[in-house]
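Colleague: Have a look at this one before I ask anything.
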Amino acid sequence: MTKHVAVLLGGWSAEREVSLRSGAACANALEGEGYRVTRIDVDRSIGDVLTDLKPDVAFNALHGRVGEDGTIQGILEVLRIPYTHSGVLASALAMQKDKAKVIMAAAGVPVAHGLTVSRFAAAREHALAPPYVLKPVNEGSSVGVIIVQKDRSHPPQELLRPDWAYGDTILAEKFIAGRELTCAVMGDKVLDVIDILASHASFYDYDAKYAQGGSVHVLPAKLKGNIYQNVQELALKAHRALGCRGVSRTDLRYDDTPGGTGELIVLEVNTQPGMTETSLVPELAAHAGFSFGGLVRWMVEDASLDR
């Protein structure tokens, strides 16, 4: 019997547009692989919709709050519908960046020095000595991220905008100069490493991630000595420390600047990595021999309830 897959996409987070693109790509690929697919643009009636639909598997293509923070995972657990990606606890931990850093550091994963602060306090005075990074504690896709450069005398007033939609608690972290690296884990296998070169932005921001030509991906990354292997080991260690399953993607910074520290730092683990035409995980999977259809098929067949 053909397996019925409900692809959950859209939602109402700040990453809705990215999720719509990820979900459409995955749904089309799953149909190409022979699955019966129902696309669901998620709203607050999702529990009732899934109860009526009774799919065999839910493919979670949501990004951001609700879809990525353990909320939708909890609904799927209650309904006993197997789902892709990480379970409730791992999703909640990875999405809450300050808590994830505590868990990863305890497991021996190097993380950037930082602290949580009120956005109002961070607008009054520098949270750290510049340069540093301010980011929402529970958003993805670099939404709401502010780089405070070394020569900036005043704290960022963007935090006080009336349309600020990323919460009142933010994470301030030491800025790590150098290269932006990413590595994916698929099941219990670590994939290769990409060196991300943002084409126009000073860092790997939303446009660099999702706009055509926004970044250049060097795969495999050209890294000296044992750094490449270290990146892979840290990605797998972070994946396991947070209790992730299925596919995850770990983002890192490596300071190889002249006179730099040589630091290799894990920034965060993404339990719902993008699946658009410019996304990193499909590119890493292709390098490992998986077509896009083969990747989403693997994810569906790997789906389960929380272990």
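Colleague: State which residue is modelled with the highest pLDDT when the search covers only the stretch 132-146 and only residues that are in a loop (DSSP other than H, G, I, E, B) and of a type in the set (Ser, Thr, Tyr).
Modeller: Only one residue fits best here, namely Ser142.
Colleague: Right, another one. I'm trying to understand the selection: among the residues of the stretch 247-272, which are within 26 Å of Leu9 (Cα to Cα) and crowded, with 24+ Cβ neighbours inside 10 Å?
Modeller: Listed by number, the residues that qualify are Val247, Ser248, Arg249, Thr250, Val269, Asn270, Thr271, Gln272.
Colleague: Also: Return the residues of the stretch 77-114 that are closer than 21 Å to Ser142 by Cα and part of a loop (DSSP other than H, G, I, E, B); say none if nothing qualifies. So that I can check it myself, show each step before the final result.
Modeller: Let us first name the residues in the stretch 77-114 that are closer than 21 Å to Ser142 by Cα, namely 85-86, 90-102, 104, 110-114.
Correct list: His85, Ser86, Gln96, Pro110, Ala112, His113.
Colleague: Which one of these is open to solvent by less than 40 Å² (accessible area, probe 1.4 Å) and in a loop (DSSP other than H, G, I, E, B): Met299, Met275? Full working, then the answer.
Modeller: Values: Met299 fails: in a loop (DSSP other than H, G, I, E, B).
On inspection, the qualifying residue turns out to be Met275.
Colleague: With of a type in the set (Gly, Ala, Ser), in a helix (DSSP H, G or I), more than 22 Å from Leu234 (Cα to Cα) and modelled with pLDDT under 95 as the only criterion, which of Ala129, Ala122, Ala165 stands out?
Modeller: Ala122
Colleague: For the stretch 188-204, what are the residues that are aliphatic (A, V, I, L, M), open to solvent by 30 Å² or more (accessible area, probe 1.4 Å) and at pLDDT 95 or above?
Modeller: Val190, the sole residue that qualifies.
Colleague: Still on this model: Quick one: in the stretch 13-39, which of the residues that are over 13 Å from Ala61 (Cα atoms) and not aliphatic (A, V, I, L, M) is least open to solvent (accessible area, probe 1.4 Å)?
Modeller: Ranking the qualifying residues of the stretch 13-39, first place goes to Tyr35.
Colleague: Counting only residues that are in contact with a Gly (Cβ under 6 Å, 6 or more places away or on another chain) and on the phi > 0 side of the Ramachandran plot, how many does the stretch 70-103 have?
Modeller: The total comes to 1.
Colleague: Same structure again: For residues that are part of a loop (DSSP other than H, G, I, E, B) and open to solvent by less than 30 Å² (accessible area, probe 1.4 Å), scanning just the stretch 278-296, find the one that is modelled with the highest pLDDT.
Modeller: Among those residues, the one meeting the criterion is Ser279.
Colleague: Could you tell me how many of the residues in the stretch 47-62 are surrounded by fewer than 24 Cβ atoms within 10 Å (Cβ to Cβ) and either among the acidic types (Asp, Glu) or not in a loop (DSSP other than H, G, I, E, B) (or both)?
Modeller: So the answer is 9.
Colleague: Let me ask something else. Looking for something outside any loop (DSSP other than H, G, I, E, B), under 24 Å from Ile146 (Cβ atoms) and at pLDDT 95 or above - is there at least one such residue anywhere in the stretch 225-234?
Modeller: The answer is no; no qualifying residue exists.
Colleague: Give the residue, chosen from Val117, Val185, that is in a strand (DSSP E or B), touching a His at 6+ places or on another chain (Cβ under 6 Å) and surrounded by 15 or more Cβ atoms within 10 Å (Cβ to Cβ). So that I can check it myself, show each step before the final result.
Modeller: On the way: Val117 fails: touching a His at 6+ places or on another chain (Cβ under 6 Å).
Exactly one residue qualifies, and that residue is Val185.
Colleague: Continuing with this model, one more query. Condition check: farther than 29 Å from His217 by Cα, touching a Lys or Arg at 6+ places or on another chain (Cβ under 9 Å), without any contact (Cβ under 8 Å) to a residue 12 or more places away in the chain and not β-branched (Val, Ile, Thr). Does Ala121 satisfy that?
Modeller: no
Colleague: Scan the stretch 63-75 and give yes if some residue there is touching a strand residue (DSSP E or B) at 6+ places or on another chain (Cβ under 6 Å) and either under 9 Å from Leu8 (Cβ atoms) or of a type in the set (D, E, K, R) (or both), otherwise no.
Modeller: no
The values are calculated or read from the model by the stated rules, or taken from the named source; none is laboratory data. Given the structure is predicted, the values throughout are model-derived calculations rather than measurements. Neighbour counts are summed over all protein chains in view; Cβ atoms, including those assigned to glycine, are modelled from backbone coordinates with ideal geometry. In case anyone asks, the SASA skips ligands and DNA or RNA and just uses the protein heavy atoms, side chains included. Shrake-Rupley method; radii C 1.70, N 1.55, O 1.52, S 1.80 Å.
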